[in-house]
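J.: After the structure tokens below, expect a handful of questions from me.
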Amino acid sequence: MSAFDDPSTALIHSGERINLGQSWLHLYRLDSRLKGFEMIVASSNNKAVENVSAELPGLKAVADDAPDLRYFKTLSDTVFERETWGLIAAVLGNAKNRSRFKNIFWWNKDVGLSTYLAEVSGTPQIFEEIDPETGARSTRPPRIITAENPPRSQDEALRRWRQARAAFLAALNESRTMLATAERIRGFAAALPRFAREEAEAEVAASLAGDAVARSRAAAEKARTLHADALAYRSGAESQLAEHDRRAPGLLARLLRTQGAREWRSARAPLAATDQQARAEVASAAQRLAQEEKALEEATAHSRSAESLRVEAARRHREARREVEAWRERLGDRFIDDAFWEKAHADKQKTSPWLDAEQERLRDDVFIAAMALHRAFVDAATKPLRHNLGALMNVFGGRALPTAEKRALIPDLWSSLFLVVPLVSTTFASVERMFRDLPPESLGWLFVDESGQAVPQAAVGAIFRTRRSVVVGDPVQIEPVVTLPDRLTHAVCRHFGANPDRFNAPDASVQTLADTASPFQTELENRQGSRTIGVPLLVHRRCSEPMFSISNAIAYENLMVNAKEPGDSPIGKLLGLSRWIDVRGRAEEKWCPEEGHKVLKLLRKLAYPDLTHRKPDAPDLYIVTPFVVVAERLRKLVEESALLVWTEDPRGWTFERIGTVHTVQGREAETVIFILGAPAADQRGARAWAGSKPNLLNVAVSRAKERLYVVGNRELWRTAGLFSELDARLPPP
């Protein structure tokens with residue numbers, strides 16, 4: 001975004017338009033540089049994806065010290081019917097969700113984005129109100145105009161854009177500089193052993209080079225002595241020969257070879273030989289001296305170089321050590337080195353590496369500036385965005401684009417929405433209908449939530465339409481639900497040449513296939529053997545004790561680390577500590593009426609917490625069971641009990657808050673009441689099924705943040721596989 005001087009130029013007119021009666025909407029192509037950042041959250045579990053996209057905009061999702069982090073808050077508050085910080089997510093998927101979003105996001109005259117963009121485009125907007133008592137009409141500016149303070153002209157929008165872009169680029173540069181420094185320090189820390197080794201090696205090399213200089217200097221000195229001796233020897237020989245030549249006979253005597261001449265010549269021969277030998281020795285000594293002096297020069301140069309390398313290696317090691325120690329002192333436990341890996345497992349898992357609060361704040365500043373940049377971009381690109389979004393809202397309403405050329409622009413319409421709302425959620429079942437006209441890899445990111453519950457084939461359409469996938473899930477929570485018999489699904493796999501052990505649910509899920517494809521692998525040993533997963537996230541932040549320890553023991557080999565601080569529990573104040581309420585009762589199928597009445601007794605304490613009979617707040621509570629029949633009978637019992645005084649829709653509350661364990665996957669509450677059922681001694685098969693794998697018990701227990709109340713026959717259930725861990729960690733009443 002920041003690459004554009006004028007954001008409106010990021011949308012290029014396609015030459016296409018759609019007619020809407022007497023009006024029309026132009027269709028714009030989005031610059032390719034702005035594509036590929038769209039975010040989809042998808043799951044087989046509708047509640048899970050709705051929870052994600054509803055929680056992200058919540059005011060509690062951002063820090064209290066970020067009051068400027070607001071993004072179309074007026075509209076977002078209306079969309080999510082609660083206080084939010086910004087419109088960064090939308091719950092889409094099925095037609096009902098899309099219609100609701102469209103009607104608020106676009107068509108709401110008081111807070112809708114269409115109203116806002118029309119005002120920014122220069123068309124003043126008025127909202128008309130009718131007094132419900134008098135019928136009097138009055139007008140006022142729409143709330144989104146008064147609350148969001150839109151620019152009053154394109155010039156003002158561009159001025160705001162330039163300011164937002166400058167602020168963003170400054171924040172980004174500061175953050176990147178900080179991260180580059182942190183990376184440099186990380187590199188120094190990793191290189192310290194090498195720097196120390198290089199310094200030691202350089203010291204040895206410098207010492208050896210110094211020794212070589214000393215040896216070479218001694219050899220050169222010896223060569224100088226030998227050369228001097230040779231010169232003296234030659235000087236003596238030359239003197240003797242010269243003296244002898246001065247006594248040489250005359251020319252006539254030498255020609256006549258007189259006896260004196262012959263004696264002189266005979267005496268001169270050894271003197272000449274000595275002189276020749278002396279000259280040769282001088283030449284040899286001079287050559288050796290030159291060699292030794294050259295060797296000394298080379299050794300000295302090498303020594304200087306070795307000493308320079310030693311000084312540089314010592315400096316590099318010293319400065320790196322100094323910077324590393326300064327950052328070690330600054331970061332404390334966040335500094336990652338060999339000592340860090342020797343810490344306890346829990347300490348390692350709960351540490352956020354390398355960045356302290358000040359550095360994290362710089363990254364926060366980038367996000368805050370980026371959201372301001374988004375807002376300024378929308379303001380400055382109002383006209384083309386208004387047309388593209390209007391066209392997409394018509395598609396949401398069921399209006400098909402009439403030609404192939406227009407349908408080819410649907411990816412640009414979707415990307416225009418993602419420019420305003422960065423993330424949308426959907427179930428896998430709705431992907432085909434919602435994104436039916438999108439070609440492969442036309443969107444950026446797919447985040448698969450609760451992937452351990454999704455059959456592999458469910459995610460294919462979403463993966464097909466996105467460029468990158470992040471798969472998040474837990475293979476030891478609820479497995480995929482498969483309605484076809486195993487024999488049939490195995491036969492289908494064999495018919496198409498697919499390995500059923502790898503691709504057939506419920507043993508296979510989107511999670512297991514993603515783990516298999518992950519370049520990072522973790523092997524965990526458990527009671528049934530070993531299993532391989534991808535990247536484990538081991539820090540748990542939902543459940544207080546004893547729920548955390550139960551899940552940790554039955555599903556995670558006690559590798560999870562609890563970072564949850566015990567929270568306030570209004571239900572716990574009325575019902576007491578988490579416990580197992582032992583009920584011995586009769587069986588009607590898997591339903592136990594006595595267990596149901598025990599649940600009613602708990603609900604009665606919540607319905608009438610004091611003697612004032614005031615209407616209590618709705619408890620944050622789920623009541624779950626392993627068995628469908630128990631859920632059905634309990635819903636009926638609770639609905640007819642007249643205890644649900646906190647709601648005007650008892651039937652709706654029971655269907656929302658009472659069900660099988662499968663229905664609460666991906667959800668959480670302050671308290672869970674786990675009603676077991678199967679109370680007869682001969683129903684051991686049903687109990688064994690529930691306790692044979694960790695998945696069901698793990699989900700039931702880990703939905704509860706503060707309190708867990710188990711209702712059922714303790715004597716029978718304590719021997720049902722993993723329920724022995726539940727028995728060991730829950731006190732009796």
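J.: Quick one: the Cα spread of the stretch 599-733 along its three principal axes, in angstroms, biggest first?
T.: Cα spread of the stretch 599-733 along its principal axes, largest to smallest: 44, 29, 27 Å.
J.: Take the Cβ-Cβ distance between Ala618 and Leu537 as r, set R0 to 30 Å, and report the resulting FRET efficiency rounded to the nearest 0.05.
T.: 0.45
J.: Let me know the shape class of the stretch 153-197, please: from the alpha-carbon gyration tensor, a ≥ b ≥ c as square roots of the eigenvalues, rounded when a/c is under 1.5, otherwise prolate if a/b is greater than b/c, or oblate. Mind dumping the intermediate values first?
T.: Details: a/c = 9.97, a/b = 9.62, b/c = 1.04.
It comes out prolate by the Cα gyration axes.
J.: Also: Could you list, in their original order, any pairs among Lys564/Lys605; Lys102/Lys383; Lys102/Lys406 whose Cα atoms are separated by more than 24 Å? All intermediate terms of the calculation are to be shown ahead of the outcome.
T.: Numbers: Lys564/Lys605 27 Å; Lys102/Lys383 19 Å; Lys102/Lys406 21 Å.
The pairs that break the limit, which is 24 Å between Cα atoms, are Lys564/Lys605.
J.: Rounded, prolate or oblate, given the Cα gyration tensor of the stretch 503-660, with a/c below 1.5 counting as rounded?
T.: prolate
J.: Hand me the chymotrypsin sites (Phe, Trp or Tyr not before Pro) from the stretch 456-546 located in a DSSP loop with no more than 10 other Cβ atoms within 10 Å, in residue order please. Mind dumping the intermediate values first?
T.: On the way: sites: Phe464, Phe496, Phe503, Phe520; in loops: Phe496, Phe520.
For chymotrypsin sites (Phe, Trp or Tyr not before Pro) across the stretch 456-546 that sit outside H, G, I, E and B with at most 10 neighbouring Cβ atoms in 10 Å, the list reads Phe496, Phe520.
J.: Take every Cα-Cα pair in the stretch 213-269 and report what % of them are more than 16 Å apart.
T.: Working: 961 of 1596 pairs.
Cα-Cα pairs in the stretch 213-269 separated by more than 16 Å: 60 percent.
J.: What FRET efficiency comes out for the pair Ala191/Asp68, r = Cβ-Cβ distance, R0 = 51 Å, nearest 0.05?
T.: Taking R0 as 51 Å, the efficiency between Ala191 and Asp68 is 0.80.
J.: Further, regarding this structure: Distances longer than 18 Å among the Cα atoms of the stretch 560-639: what percent of all pairs is that?
T.: Values: 1671 of 3160 pairs.
Above the 18 Å cut-off, the stretch 560-639 has 53 percent of its Cα pairs.
J.: Over the Cα atoms of the stretch 261-356, what Rg and Dmax result, in angstrom?
T.: When restricted to Cα atoms, the stretch 261-356 yields Rg and Dmax of 35.2, 112 Å.
J.: Going by a ≥ b ≥ c, the root eigenvalues of the Cα gyration tensor, does the chain fall in the rounded group (a/c under 1.5), the prolate group (a/b larger than b/c) or the oblate group?
T.: It comes out prolate by the Cα gyration axes.
J.: Which log10 I(q)/I(0) values does the stretch 435-482 give at q = 0.21, 0.30 Å⁻¹ under the Debye formula, counting every alpha carbon as one identical point scatterer?
T.: -0.71, -1.07
J.: Then there is this: Give me the log10 of I(q) over I(0) for the stretch 167-305 at q = 0.12, 0.15, 0.16 Å⁻¹, as the Debye formula computes it from C-alpha points; what are the numbers?
T.: Normalising to I(0) and taking log10 leaves -0.75, -0.88, -0.92.
J.: Quantify how much of the Cα-Cα distance distribution of the stretch 599-642 extends past 13 Å, in percent. Present the calculation step by step, with values, prior to reporting the outcome.
T.: Numbers: 578 of 946 pairs.
Percentage above 13 Å: 61.
J.: DSSP loop (so not H, G, I, E, B), at most 15 other Cβ within 10 Å: list which chymotrypsin sites (Phe, Trp or Tyr not before Pro) in the stretch 97-175 pass both filters.
T.: The qualifying sites are Trp107.
J.: Could you do me a favour and compute the accessible area per residue for the stretch 22-107, 1.4 Å probe, result in Å²? Before the final figure, lay out each step's value.
T.: Values: 4010 Å² over 86 residues.
Using a 1.4 Å probe on heavy atoms only, each residue of the stretch 22-107 averages 47 Å².
J.: Sticking with this structure for a sec: Counting each DSSP H run of 4 or more residues in the chain as -39500 (n - 2.57), what helix-only mean residue ellipticity at 222 nm follows after dividing by all residues, to the nearest 500 deg cm²/dmol?
T.: Helix contribution divided over all residues of the chain: -17000 deg cm²/dmol.
J.: Straight-line reach only, C-alpha to C-alpha below 23 angstrom: list the lysines that Lys590 could link to, leaving out same-chain residues fewer than 8 apart.
T.: Cα-Cα hits under 23 Å: Lys598, Lys601, Lys636, Lys693.
J.: Suppose the Debye formula is applied to equal point scatterers at every Cα of the stretch 682-725; what is log10 I(q)/I(0) at q = 0.34 Å⁻¹?
T.: Calculated log10 I(q)/I(0) at the listed q: -1.27.
J.: I would also like to ask the following. Short version: what are the Cα gyration tensor semi-axes of the stretch 374-496, square root of 5 times each eigenvalue, largest first, in whole Å? Display every interim value, and only then the final one.
T.: Numbers: eigenvalues 239, 65, 25 Å².
For the stretch 374-496, the semi-axes come out at 35, 18, 11 Å.
J.: Still on this model: Could you quote the convex hull projected area for the stretch 118-193, Cα atoms only and averaged over all directions, in nm²?
T.: 8.9 nm²
J.: Please work out the FRET efficiency for the pair Leu559 and Ala404, using the Cβ-Cβ distance as r and a Förster radius of 45 Å; give the result to the nearest 0.05.
T.: Values: r = 54 Å, r/R0 = 1.20.
Once rounded, the FRET efficiency stands at 0.25.
J.: Per residue, how much accessible area does the stretch 468-584 show when a 1.4 Å probe rolls over the protein heavy atoms, in square angstrom?
T.: On the way: 6620 Å² over 117 residues.
In whole numbers, the stretch 468-584 has 57 Å² accessible per residue.
J.: Taking the simple approach of a point 7 Å from Cα along Cα-to-Cβ for both Asn94 and Val482, what is their distance in nm?
T.: For the pair Asn94/Val482, the computed spacing is 2.6 nm.
J.: Stokes-Einstein diffusion coefficient for the stretch 1-113 at 10 °C in a medium of 1.306 mPa s, Rh from the Kirkwood formula over Cα pairs: what value in µm²/s?
T.: Numbers: Rh = 16.6 Å.
It diffuses with D of about 96 µm²/s by this estimate.
The values are calculated or read from the model by the stated rules, or taken from the named source; none is laboratory data. As the structure is a prediction and not an experimental result, all values here were calculated from the model. Backbone-built Cβ (ideal geometry, glycine too); neighbour counts: all protein chains shown. For accessibility, only protein heavy atoms count, side chains too; no ligands or nucleic acids. Shrake-Rupley method; radii C 1.70, N 1.55, O 1.52, S 1.80 Å.
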